[in-house]
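Structure record follows, encoded as structure tokens.
The values are calculated or read from the model by the stated rules, or taken from the named source; none is laboratory data. Just so it is clear, the structure is predicted and the values come from calculations on it, not from any experiment. Neighbour counts are summed over all protein chains in view; Cβ atoms, including those assigned to glycine, are modelled from backbone coordinates with ideal geometry.
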Amino acid sequence: MPRPLGTLRVMLSTRVLLDLEEADRIFTLSYNKHFTKTRDKEAAREKAVEAYTAYVCPDEKDPAYDPQLCGRRFRKGPMFRFAEALARLNEATGKPLVEIIISAKDEADSGGVIFRNIDLLASDTLRKAGAQRLTTSGEDLSEELHKVYKTDLLFSRNDRDVQTATDLGIAASTIHFSPDGFKYDKPGEVSQVDICFDGDAVAFGSSSEVRYRTDGLEAYEDHEFNDFLEDIESGPFTDVLAKISQINAEFPRKKAPFRLSLLTARGGSAHSRALAIMKQFGIVINGNTMGRAGADKGEVLEQLKPDLYIDDQVGHLTYGARFCPVGLVHYPTSSPMKAYLDKTNGPDEIRKLREAEGTPVSLAFDDAADQQPETIKSRSEAVPKPKKKPNPKPKGKTRTARKEPA
């Protein structure tokens, strides 16, 4: 008889569990090089797969070849500890709270090396958690696959997969790789999975943020005060945060498996409305609620170091990525913010994320294919060391320093 699936279905790509950035860079630059010459996408992809596979699965005479892996050894990625923490929840509670699914765009040969890396890096708890595994041979994650796995959450490095999932109503984010590197291990056993999240365009919809950008801060604050109990549309993470709240409700408060905290740039009455909105959606905060009123979010992440922070704006992620895993939430195609950005030709947060990382831009999904491929040799060469704090804390209590409402 088939076993029951975990209550919360979390899909993690191998690119967030392992540091495969160099392998992806090799694939992308090879694709760009051959596509620029031939304008043949299939031929360029074949060459890119060959280059990628040669890197992941080097010849036995190559110094990088590891016989334990039948290929190259990789380091842990930013979400490896998060996956370990999810697996420990099932072990600690004795209940199938979380279903872990690991996805890879690899074909079978390179996929075997990638999964073997995960096996050797994993604790006994994660290794024996019964995580489902999926390879797609270069194809994107489809609606049909998400229906098979009943995905609630997706964490990936592939922007198309994240956007598709977001438009399907699945909570998803693109995990950020800090060019400065990262070390997210915490001492001691994990008793809770500590998730911190933004409000506007994440825990709930983006219409209030659009009002802020359209009408300015004063009109925005007046609206939030006057419409305190008015409904707002749901956001990309509304349903999954409500589902996690329901899971927590099955346990005594101090033994809840998840710790949920709100970190928003809202302040004053706008923060009060955020709390009222989440109560209406059934999202129960059992951690902190932090309404920063425009002050820096990065220093909060530096001190609290949650297991994950998610936000819809890259400027709130880059500094904190040194201290905890961070994910960029995409705007649903039908959302108010997406319509506003299309109308105003606003900044593309996804492109800003890639620029912050210094990762090469693929021509594979550029219909016009007019741009020249990037020639970035490495992330360390591409991006200068950031200053200590890119988002300086506003002085005093002035509100004019505030640039984003969420």
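What the table shows:
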{"item": "Test: Gly111 is over 19 Å from the mean Cα position of the chain (by Cα) and either part of a helix (DSSP H, G or I) or buried (at least 20 other Cβ atoms within 10 Å of the Cβ) (or both)", "result": "yes"}
{"item": "In the stretch 226-277, the residues that are surrounded by fewer than 18 Cβ atoms within 10 Å (Cβ to Cβ), under 20 Å from Val193 (Cα atoms) and among the small types (Gly, Ala, Ser)", "result": "Ala242, Ala249"}
{"item": "Extreme residue, nearest to Leu121 (Cα to Cα), among residues of the stretch 54-79 that are among the small types (Gly, Ala, Ser) and not in a loop (DSSP other than H, G, I, E, B)", "result": "Gly71"}
{"item": "Strands (runs of 3 or more DSSP E) (entirely within the stretch 129-199) containing at least 3 residues that are under 30 Å from Ala293 (Cβ atoms), of a type outside the set (Ser, Thr, Tyr) and modelled with pLDDT of 95 or more", "result": "171-175, 193-197"}
{"item": "Subset of the stretch 159-181 that is within 15 Å of the chain's Cα centre (by Cα) and of a type in the set (A, V, I, L, M, F, W, C) - its residue that is surrounded by the most Cβ atoms within 10 Å (Cβ to Cβ)", "result": "Ala172"}
{"item": "Any chance Leu145 is aliphatic (A, V, I, L, M) and over 18 Å from the mean Cα position of the chain (by Cα)", "result": "yes"}
{"item": "Residue match in the stretch 135-157 (condition: more than 30 Å from Ser234 (Cβ to Cβ) and surrounded by fewer than 17 Cβ atoms within 10 Å (Cβ to Cβ))", "result": "yes"}
{"item": "Filter result for Leu120 (surrounded by fewer than 20 Cβ atoms within 10 Å (Cβ to Cβ) and not charged (D, E, K, R))", "result": "yes"}
{"item": "Pairs, first assigned by TED's automatic domain parsing to the domain that holds Arg25 in the stretch 346-361, second in a helix (DSSP H, G or I) and surrounded by fewer than 17 Cβ atoms within 10 Å (Cβ to Cβ), C-beta under 7 Å, six or more apart", "result": "none"}
{"item": "Selection count, the stretch 24-47, where residues are touching a helix residue (DSSP H, G or I) at 6+ places or on another chain (Cβ under 6 Å) and either β-branched (Val, Ile, Thr) or free of Cβ contacts under 8 Å to residues at least 40 places away in the same chain (or both)", "result": "5"}
{"item": "Hey, Gly181 among the small types (Gly, Ala, Ser) and not assigned by TED's automatic domain parsing to the domain that holds His271 or not", "result": "yes"}
{"item": "Pro78 farther than 30 Å from Asp194 by Cβ and not basic (Lys, Arg)", "result": "no"}
{"item": "Condition check for Ala131: crowded, with 20+ Cβ neighbours inside 10 Å, in contact (Cβ under 8 Å) with a residue 24 or more places away in the chain and touching a helix residue (DSSP H, G or I) at 6+ places or on another chain (Cβ under 6 Å)", "result": "no"}
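The rows are residues; the columns are (1) out of contact with any Phe, Trp or Tyr (no Cβ under 7 Å at 6 or more places or on another chain); (2) part of a loop (DSSP other than H, G, I, E, B); (3) modelled with pLDDT under 95.
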residue	(1), (2), (3)
Arg3	yes, yes, yes
Gly6	yes, yes, yes
Met11	no, no, no
Arg15	yes, no, no
Ala23	no, no, no
Ile26	no, no, no
